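The values are calculated or read from the model by the stated rules, or taken from the named source; none is laboratory data. Bear in mind the structure is a predicted one, so any value in this text is a computation, not a measurement. Positions of Cβ are generated from backbone atoms using ideal geometry, with glycine treated the same way; all protein chains shown enter the neighbour counts. Calculation scope for accessible area: heavy atoms of the full protein, side chains included, ligands and nucleic acids excluded. Shrake-Rupley method; radii C 1.70, N 1.55, O 1.52, S 1.80 Å.
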Amino acid sequence: MYRTIYVPVDNSEHSNRAVALAVELGRAFGARMIGCHVYAARMHDYRFRQMEYTLPEEYLEETELERQRRIHDSLITMGLQLISESYLGPMGASCRQAGLEFEPRMMDGKHSAEIVKDVAAVDTDLIVLGALGMGRTRDSQIGSVCERVTRHAQRDVLVVKRLPEGDGGPASDTILVGIDGSPQSFGALLVAIELAKRFGKRVEAVAVYDPYLHYSVFSGIVNVLTERAAKVFRFEEQNQLHEEIIDTGLAQIYQSHLDVAGKMAASHGVAIGKTLLDGKAFQKVLDHARKTNPWLIAIGRIGVHATPGEAGLGSTAENLLRLSTADLLLTARAAVPELDVRAEETIRWTPEAEERFRRVPAQVQGIARTAVHRLAMEKGHSVVTTSVLDEAMDRFMPKRAAAATTRLAEELVLDRARERKGVAVCRGCGLAASDPDPVRCSVCGGRGFERIAPETVAAILEAEGGAREETTYDGRKLRWTEEARRALWTLEDAYRRRRTKARVEKAARLRRLEAVTLDFVRRFVEEETGEPLAGAERGTPAGETRPDPGPPSSERRLVARDDKNVPLLSSLEWSEDAARRILRVPAGFMRDRTQERIEALARERGAAAVDLGLVEEGIELGRKLMAEAIEAYRASPREVPPSADRPASAPLNEVSILNPMGE
């Protein structure tokens with residue numbers, strides 16, 4: 001598979017491990033090894049000439065200056081060549097010890113440009129290079145040379161991320177492969193299978209579909225459209241189209257990609273693991289890799305959404321290149337499964353079927369055509385007719401997508417059955433079954449189901465403080481427990497909170513849940529923050545039109561923060577303008593005492609919440625007390641008696657006297 005392996009070296013930690021890994025690969029494949037180091041003599045010469053004017057006077061005479069130039073050129077060139085030889089020497093020794101042919105290469109120029117040019121000249125199969133070089137700093141993610149070479153060299157590139165002393169612990173024996181149905185992803189699978197055979201590793205295929213994107217987009221724009229535009233866009237119909245056709249169909253299609261990958265691997269004598277995940281592709285692969293700590297991640301350089309002739313890297317490859325902590329193999333190999341090859345060669349379409357298929361959105365036509373072909377092959381059809389398309393529609397979308405007049409009776413029966421028996425959720429893919437008594441999951445084919453009974457939901461709701469019903473952007477009802485809402489409000493950034501809430505709502509719909517609980521929302525909050533959910537303390541954002549339930553009255557919660565991120569904590573509800581007003585009071589003792597006075601007034605009057613009028617009244621009381629303190633200070637500066645609002649240890653400074661209430 002790999003006849004020639006090319007390794008750029010610079011004596012950095014990542015480079016040295018790249019050499020060691022490349023030699024292992026070279027030994028496994030009997031490959032010819034090429035080591036390369038690029039030095040920058042011309043750049044040094046250019047900089048020397050730029051600084052010539054700073055030389056002492058005796059060196060600026062023309063004859064002497066020319067002599068110095070010749071000396072500098074020879075020393076720089078010779079010195080950099082010697083450094084290159086010292087960098088390449090250890091790799092040569094390792095190759096000789098492994099019985100591998102080794103060719104050292106040295107060149108002058110810009111590092112990434114020369115490497116890309118040289119790779120094309122020597123017809124390399126695989127490039128192995130470190131993610132970071134000698135310029136590595138604490139927050140570095142990817143070095144400039146690695147990033148540019150990986151992007152522009154249209155070869156397989158193995159980026160070494162993990163160092164021997166890494167914090168992630170020993171890697172597992174798994175090669176993780178991203179599958180999205182593209183020829184490049186199946187090419188990555190074949191590469192992973194070959195590596196697994198040579199190194200005694202296991203292969204796990206991961207497919208990720210995203211049912212959340214359209215919901216987040218719709219909920220984000222519904223409030224900015226005019227009434228007329230909203231009617232034209234028809235949110236309910238658009239959302240129903242996505243939920244009943246595209247989302248469930250995508251889950252089944254990506255599961256079929258995994259099934260095809262399993263058959264491809266079996267034909268090569270390898271059994272693989274298969275995992276279907278929902279969410280953003282790069283994020284879910286990254287999260288899964290963090291949990292399993294694979295030996296290697298293998299993905300195609302580009303994916304299923306690439307345009308014809310597209311080079312460079314796809315978005316998933318770009319993100320994993322920067323963020324993955326596991327070694328990453330980006331493959332340029334493309335492979336079409338035999339099933340799809342035979343389908344393209346043997347299956348024909350009737351004109352009526354082709355005409356009907358043109359109505360499918362262009363961005364998903366490739367995926368949809370593959371799904372139809374696979375169904376036709378499974379059923380033994382050699383011609384795709386409109387009836388075959390109907391059969392595909394029945395498989396890849398629930399019957400609820402049909403017209404309302406043809407579905408009412410069936411839906412009423414199912415809804416009543418669910419009311420009695422609850423919802424059955426597949427343990428494999430996590431999607432709810434439409435049948436109240438399912439035998440086999442229509443997405444992943446699993447036969448294990450977990451039943452969520454109404455009694456179970458009711459018990460959870462009671463344990464979590466009851467539930468409040470909310471209306472989603474398209475008018476549907478969904479209940480949230482108090483603990484689930486508080487968990488959501490731990491996200492202080494309003495945009496992140498709205499986006500996470502949209503994902504939670506969408507996931508609840510996919511699982512046919514009537515209420516969102518703490519355990520359910522926990523996953524989404526932790527994915528957004530990247531940290532375990534520590535508590536359920538939350539604040540009230542500016543512009544929130546629906547009041548959020550507070551904790552028990554004895555519990556202080558976050559109300560707001562000022563521009564220096566100092567929090568305002570209170571056990572009472574505060575209106576938005578009241579919070580803004582008190583945050584203008586200088587933070588520290590002054591603000592704390594003012595808040596205490598305001599909340600004492602609220603409790604005396606039995607007020608359920610603090611409004612702007614109450615804040616102004618408390619501030620006015622503070623002004624009077626401050627005026628009395630200032631008058632006493634002027635009368636006897638050394639003997640200012642302590643007051644309820646200023647203990648004896650608290651000095652009266654110039655700022656507090658001139659601007660006591662943030663005016």
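Considered as a group, the residues in the range 507-527 that are basic (K, R) and either in contact (Cβ under 8 Å) with a residue 40 or more places away in the chain or in contact with a strand residue (DSSP E or B) (Cβ under 8 Å, 6 or more places away or on another chain) (or both) include one that is farthest from R476 (Cα to Cα), and that residue is R511. Would you confirm whether or not the range 136-151 contains a residue that is open to solvent by 30 Å² or more (accessible area, probe 1.4 Å), out of contact with any His (no Cβ under 8 Å at 6 or more places or on another chain) and of a type in the set (A, V, I, L, M, F, W, C)? No, the range 136-151 has no match at all. Tell me, which residue of the range 83-109 that is surrounded by 15 or more Cβ atoms within 10 Å (Cβ to Cβ) and of a type in the set (D, E, K, R) is modelled with the lowest pLDDT? Across the range 83-109, the extreme among qualifying residues is D108.
Any chance you could count how many residues in the range 121-161 are part of a helix (DSSP H, G or I) and either closer than 25 Å to T316 by Cβ or touching a Cys at 6+ places or on another chain (Cβ under 7 Å) (or both)? So the count comes out to 9. Against the numbered list (1) open to solvent by 20 Å² or more (accessible area, probe 1.4 Å); (2) in a loop (DSSP other than H, G, I, E, B), M264 comes up short only at (2). Evaluate the following for A602: is it modelled with pLDDT of 85 or more, of a type in the set (A, V, I, L, M) and under 15 Å from L569 (Cα atoms)? Answer is no for this residue. Looking only at residues of the range 301-318 that are open to solvent by less than 50 Å² (accessible area, probe 1.4 Å) and assigned to a helix (DSSP H, G or I), we find that the one that is farthest from R369 (Cα to Cα) is E318.
Taking V119, is it modelled with pLDDT of 85 or more and closer than 17 Å to H14 by Cβ? The answer is no for V119.
Looking at (1) within 24 Å of R523 (Cα to Cα); (2) modelled with pLDDT of 90 or more, which is the one condition that is false for A265? Failed condition: (1). Residues in the range 110-129 that are open to solvent by 60 Å² or more (accessible area, probe 1.4 Å) and out of contact with any helix residue (DSSP H, G or I) (no Cβ under 7 Å at 6 or more places or on another chain): K110, K117, A120, A121, D123.
Considering only strands (runs of 3 or more DSSP E) fully contained in the range 437-543, which possess at least 3 residues that are at pLDDT 75 or above?
477-481
Among the residues of the range 106-120, those that are under 24 Å from R3 (Cα atoms) and in a strand (DSSP E or B) comprise M106, M107. Here's a check for you: in the range 276-334, which residue that is among the small types (G, A, S), farther than 19 Å from L129 by Cα and over 16 Å from the mean Cα position of the chain (by Cα) is modelled with the lowest pLDDT? Across the range 276-334, the extreme among qualifying residues is G309.
The residues of the range 280-311 that are out of contact with any Asp or Glu (no Cβ under 8 Å at 6 or more places or on another chain) and among the charged types (D, E, K, R), listed by number, are R290, K291, R301, E310. Residue count for the range 348-365, restricted to those that are at pLDDT below 80 and in a loop (DSSP other than H, G, I, E, B): 3.
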